[in-house]
Amino acid sequence: MSEKYDFKAIEKKWQDIWANEESFKVTEDPDKPKYYTLEMYPYPSGRIHMGHVRNFSILDVISRYKTMNGFNVLHPIGWDAFGMPAENAAIKKGIHPREWTLGNISHMKDQLKRLGFSYDWSREVNTCLPEYYRWNQWIFLKMFEKGLAYRKKSYVNWCPDCQTVLANEQVISEKCWRCDSEVEQKHMEQWFLKITEYAEELLSGHQKLSQWPQNVIAMQRNWIGKSRGAQLFFDVSDSDISIETFTTRIDTVYGATFLVLSPEHPLCLKLIQGSKDEKLKRSWIEKKRRQQRSGEEVLEEEKEGIDTGRKAFNPFTKQTIPIWIANYVLMEYGTGAIMAVPAHDERDFEFAQKYSLPIKEVILPVEDQEPEESEGVFTDYGTLVHSGPYSGKTSHQAISEMVKKLQDIGKGKETVLYRLRDWGISRQRYWGTPIPIIYCSKCGVVRVPYQDLPVTLPADVQFKEGEGSPLENSDEFVHTRCPRCQGEARRETDTMDTFFDSSWYYFRYCSPEEKNLPFQPEKAAHWLPVDIYVGGVEHAILHLIYARFFCKILRDLGLTDLDEPFPHYLSQGMVTKDGSAMSKSKGNVVDPDDMIHRYGADTVRLFILFAAPPEKEFAWDDQSIEGCFRFLNRVWTFFQQNLSLFQKTAKEAPIEDRSSDDIRSIQRKRHQTVQKVTEDIRDRYHLNTAISSIMEFFNELKKTAPELKSTQAGQRVLTESLIALLKLLSPFAPHISEELWGCTGHKSRLMLCSWPEYDPKLLKEDTVTIVVQVNGKLRGKFEAERNTPVQTVKQQALGLENINKYIRDKKPRKIIYVQNKLVNIVV
């Protein structure tokens with residue numbers, strides 16, 4: 001055994017052994033409980049970053065811990081390999097996206113192996129390979145057959161720099177989530193997935209997700225946005241047009257003094273036809289349609305609008321009210337049209353004041369009610385006034401009666417609306433899954449036959465900046481034959497949103513070699529659901545909603561019985577440096593390769609887990625990683641100094657020989673540490689405090705080692721403690737732990753050994769601190785053996801010098817004793 005801790009040689013040795021022995025390869029085993037650990041698979045950008053290292057290290061500890069506790073652990077890895085960066089590299093560097101992506105995967109795979117992660121590489125998936133994305137196409141066609149995939153023309157989010165459409169979830173503060181460019185609105189034919197069909201189930205399913213962070217649940221609930229209210233139609237005068245609105249406050253309908261439509265509403269251009277200044281109005285509408293607006297921005301921006309010149313009948317008052325088009329109404333909320341009640345809605349009030357529109361109060365606070373107001377506008381429920389036959393009724397009474405009236409007169413009904421919109425998956429790029437649709441002049445929209453899947457990407461294409469998808473210019477790809485009539489036809493040139501790929505990859509891991517289906521249902525039933533899923537909170541809306549949606553789709557296709565794929569989600573915090581997230585532009589990136597070269601993988605793993613619990617932000621500190629490196633060096637040196645303990649074959653000393661204070665103390669400390677580390681990993685995922693406990697235990701061993709080595713019983717206890725230390729350390733620092741395990745004479749693999757156990761009887765301290773009070777005030781304290789007889793404790797308390805000073809010649813009236821804690825002398 002080398003005197004020096006040669007981490008480079010040790011880590012290379014064990015990585016080679018694990019690879020050659022396929023140590024982490026797993027198959028279904030009915031005799032063992034299964035445990036499926038999953039992290040969000042990485043995008044192959046070229047290099048892993050410290051966020052990856054933290055995420056993957058968290059799950060590797062859990063995986064190794066579960067293996068040592070007898071679980072059959074599935075811990076797979078793969079690559080989210082389609083996406084814009086590969087195509088941008090093709091444009092800027094002249095490298096084909098496939099070549100760029102596969103080269104990056106090769107490098108990143110080597111990085112992950114150098115960190116010692118316990119992946120089953122035989123299950124590796126790569127979403128840019130036809131053997132994976134053919135199943136994207138298969139799933140799409142099944143959804144198309146069920147009416148869950150459809151095509152329509154609509155206003156979409158368009159990134160002019162990426163030259164592609166973005167889903168609503170991919171627009172952040174009016175900017176592209178990838179390149180930060182200003183997003184525009186564009187009217188285009190697009191393919192959509194009908195996620196709204198599952199809106200209610202996506203909401204109700206949260207009841208099954210008790211092990212999700214509450215902030216993630218709240219973000220999803222807000223995005224789905226369920227609202228109960230009334231559908232209400234306003235007939236446009238002098239026309240056959242009827243405008244559908246949605247309101248949660250139909251009790252205010254008598255106060256509706258105008259209607260407002262979103263600029264994106266399909267009736268806008270029709271309503272302004274023939275009006276005065278039609279050309280200017282049309283120009284204003286088109287300008288607003290080109291602007292990407294979210295609910296947050298709408299609340300902050302100045303309200304603007306135009307009067308269409310048309311009027312509509314209020315179905316309750318029978319009076320006409322003007323129809324406006326305004327920027328504070330969004331098409332994605334409700335129906336894209338609202339009845340404006342300025343007396344009871346602050347946005348309507350602000351708009352009405354600006355354009356001098358009528359304001360009619362129809363709700364008053366009930367007696368003794370503390371009014372809920374916003375900007376001076378009464379927005380709470382109350383008592384109706386100026387509301388015809390409903391005046392004097394409470395809001396809740398009126399809502400019930402008004403909804404019935406709507407149904408009776410055929411002008412609306414009670415309904416539920418969701419903020420969630422169908423998922424637009426069309427992308428005008430090359431590097432994605434081709435949508436398996438053919439357009440025929442005779443047969444219309446025709447699906448590609450299943451036997452012709454996969455529709456593969458052509459290799460010989462030209463990549464030019466600002467020219468959209470290269471597929472449009474590929475005659476080889478575009479021109480084809482209609483599978484129905486065999487006539488000339490053309491292929492769909494849009495590719496799928498890459499979130500399609502990641503919405504079901506966790507199923508594919510269960511049987512990555514399956515040739516006839518996306519996955520084998522029997523194997524999926526064995527492994528799923530995922531027992532713990534680790535990822536960032538930034539995926540709360542995008543990936544996690546889509547993955548839950550796909551699980552329900554696959555269930556309804558008969559491939560699984562699963563409702564929810566991830567009953568337990570652990571959201572890890574970001575890695576920061578110098579007070580901000582690591583990024584190349586800020587010059588604060590720490591390269592994992594540099595750290596591995598300087599300190600070794602075990603040190604990097606230990607440090608990235610030591611400084612903060614997984615769910616909290618982690619601040620990188622160069623000095624602290626030095627501390628972790630020194631700790632592992634001390635462990636190495638201490639074992640080297642005590643190797644002789646493991647070479648002795650003396651039988652274990654009798655239990656009565658283990659009665660010295662040092663032996664009892666270190667035994668107690670060992671059992672306490674095993675309990676603490678076990679609970680920190682198993683129950684709380686507080687890996688930082690688990691590491692701290694291991695370090696504290698090691699320091700205690702070093703301090704007591706000289707005394708322990710002086711007796712045979714002490715040597716035996718020290719040996720047992722060192723074995724326990726290695727087992728506890730191994731999930732965090734597996735290379736050094738395996739090497740020391742072998743150096744101490746063990747022939748087995750440490751990772752396959754059982755996790756250490758603790759004895760509850762040995763956890764308690766032998767001595768306790770007894771607090772002594774005189775008339776309820778602290779006056780002293782002393783140490784005593786646990787459960788010392790009551791009379792002995794009282795005598796020791798009375799014998800304290802400081803206590804005599806307060807008692808003097810007074811005789812105690814009463815002495816109260818709380819066992820093992822407190823003596824109160826009453827004088």
**Asked** Going by the structure shown, is Thr498 of a type in the set (Ser, Thr, Tyr), open to solvent by less than 60 Å² (accessible area, probe 1.4 Å) and assigned to a strand (DSSP E or B)?
**Response** no
**Of all residues making up region 450-488, the number that are open to solvent by 70 Å² or more (accessible area, probe 1.4 Å), of a type outside the set (D, E, K, R), over 24 Å from Trp100 (Cα atoms) and not in a loop (DSSP other than H, G, I, E, B)** = 2
**Message:** Condition first: under 10 Å from Gln819 (Cβ atoms) and open to solvent by 50 Å² or more (accessible area, probe 1.4 Å). Now tell me which residues in region 775-794 satisfy that.
**Reply:** Arg786, Asn787, Val790
**Request:** Being within 15 Å of Ile694 (Cα to Cα) and within 23 Å of the chain's Cα centre (by Cα) is the filter here, so list the residues in region 608-644 that pass it.
**Result:** Leu609, Phe610, Ala611
**Message:** Looking at region 110-129 only, could you name the residues that are open to solvent by 40 Å² or more (accessible area, probe 1.4 Å) and either without any contact (Cβ under 8 Å) to a residue 12 or more places away in the chain or over 30 Å from Ile17 (Cβ atoms) (or both)?
**Reply:** Asp110
**Asked** Restricting to region 420-445, what's the tally of residues that are crowded, with 19+ Cβ neighbours inside 10 Å, touching a Gly at 6+ places or on another chain (Cβ under 9 Å) and in a loop (DSSP other than H, G, I, E, B)?
**Response** 5
**Prompt:** Can you pull out the residues in region 213-266 that are modelled with pLDDT of 95 or more, in a loop (DSSP other than H, G, I, E, B), small (Gly, Ala, Ser) and under 34 Å from the mean Cα position of the chain (by Cα)?
**Reply:** Ser262
**Item:** Among (1) open to solvent by less than 60 Å² (accessible area, probe 1.4 Å); (2) assigned to a strand (DSSP E or B); (3) under 30 Å from Cys551 (Cα atoms) - the single one Gly205 does not satisfy
**Value:** (2)
**Item:** Single residue of region 278-323 satisfying the filter (in a helix (DSSP H, G or I) and among the basic types (Lys, Arg)) that is modelled with the lowest pLDDT
**Value:** Arg290
**Item:** Answer from Asp460, Asp501 - the residue that is charged (D, E, K, R), under 30 Å from Lys92 (Cβ atoms) and at pLDDT 95 or above
**Value:** Asp501
**Residue in region 156-191 that is farthest from Ile545 (Cα to Cα), counting only those that are of a type in the set (Asp, Glu) and in a loop (DSSP other than H, G, I, E, B)** = Asp161
**Message:** Pairs please, first residue from region 799-827 and in contact (Cβ under 8 Å) with a residue 40 or more places away in the chain and open to solvent by less than 40 Å² (accessible area, probe 1.4 Å), second anywhere and part of a helix (DSSP H, G or I) and of a type in the set (Lys, Arg), Cβ atoms under 8 Å, 6+ apart in sequence or on different chains.
**Reply:** Val823/Lys794
**Item:** Cβ-Cβ under 6 Å pairs, at least 6 apart or on other chains, region 588-611 side in a helix (DSSP H, G or I), far side open to solvent by 20 Å² or more (accessible area, probe 1.4 Å) and of a type in the set (Phe, Trp, Tyr)
**Value:** Tyr599/Phe629; Thr603/Phe629
**Request:** Mind checking which helices (runs of 4 or more DSSP H) fall wholly inside region 630-720 and carry at least 3 residues that are under 30 Å from Gln572 (Cα atoms), at pLDDT 95 or above and touching a Leu at 6+ places or on another chain (Cβ under 9 Å)?
**Result:** 661-679, 687-708
**Request:** Taking Met188 as meeting all but one of (1) farther than 29 Å from Leu406 by Cα; (2) open to solvent by less than 70 Å² (accessible area, probe 1.4 Å); (3) within 21 Å of the chain's Cα centre (by Cα), write down the number of the exception.
**Result:** (3)
**Asp60 vs. criteria of a type outside the set (Ser, Thr, Tyr), part of a helix (DSSP H, G or I) and open to solvent by 20 Å² or more (accessible area, probe 1.4 Å)** = no
**Asked** Is there any pair linking a residue in region 397-420 that is closer than 30 Å to Ile195 by Cα to one that is of a type in the set (Ser, Thr, Tyr), with Cβ under 8 Å and at least six apart or on different chains, and which?
**Response** Val416/Ser227; Leu417/Ser227; Leu417/Thr335; Tyr418/Thr196; Tyr418/Ser227; Arg419/Ser227; Arg419/Tyr333; Leu420/Thr196
**Prompt:** For residues in region 516-535 being in contact (Cβ under 8 Å) with a residue 24 or more places away in the chain, touching a Cys at 6+ places or on another chain (Cβ under 8 Å) and open to solvent by 10 Å² or more (accessible area, probe 1.4 Å), which is farthest from Asp497 (Cα to Cα)?
**Reply:** His526
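May I ask you to say which residue of Glu538, Glu513 is more than 19 Å from Met219 (Cβ to Cβ), free of Cβ contacts under 8 Å to residues at least 12 places away in the same chain and of a type in the set (Asp, Glu)?
Working: Glu538 fails: more than 19 Å from Met219 (Cβ to Cβ).
Only one candidate passes the filter, namely Glu513.
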**Asked** Do the conditions hold for Ser173, that is, is it polar (S, T, N, Q) and either at positive phi or touching a strand residue (DSSP E or B) at 6+ places or on another chain (Cβ under 7 Å) (or both)?
**Response** yes
**Asked** Counting only residues that are in a helix (DSSP H, G or I) and surrounded by 12 or more Cβ atoms within 10 Å (Cβ to Cβ), how many does region 10-57 have?
**Response** 17
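With the condition kept exactly as written, say whether any residue in region 397-415 is among the acidic types (Asp, Glu), surrounded by 17 or more Cβ atoms within 10 Å (Cβ to Cβ) and either more than 39 Å from the chain's Cα centre (by Cα) or within 30 Å of Val236 (Cβ to Cβ) (or both). Write out each step before concluding.
Keep residues of region 397-415 that are among the acidic types (Asp, Glu), which gives 401, 408, 414.
Subsequent filtering for residues that are surrounded by 17 or more Cβ atoms within 10 Å (Cβ to Cβ) retains none.
No, every residue in region 397-415 fails to be among the acidic types (Asp, Glu), surrounded by 17 or more Cβ atoms within 10 Å (Cβ to Cβ) and either more than 39 Å from the chain's Cα centre (by Cα) or within 30 Å of Val236 (Cβ to Cβ) (or both).
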**Asked** Taking only pairs six or more apart or across chains, which ones have beta-carbon atoms under 8 Å, a first residue in region 687-698 that is open to solvent by less than 10 Å² (accessible area, probe 1.4 Å), and a second residue that is outside any helix (DSSP H, G or I)?
**Response** Leu687/Pro613; Leu687/Pro614; Leu687/Phe732; Ala690/Phe732; Ile691/Phe732; Ile694/Phe732
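The values are calculated or read from the model by the stated rules, or taken from the named source; none is laboratory data. Here the structure is a predicted model, which is why all the values come from computation and not from measurement. We place every Cβ from the backbone using ideal geometry, glycine too, and count neighbours over all the protein chains shown. Only protein heavy atoms, including side chains, enter the accessible area calculation; ligands, DNA and RNA are left aside. Shrake-Rupley method; radii C 1.70, N 1.55, O 1.52, S 1.80 Å.
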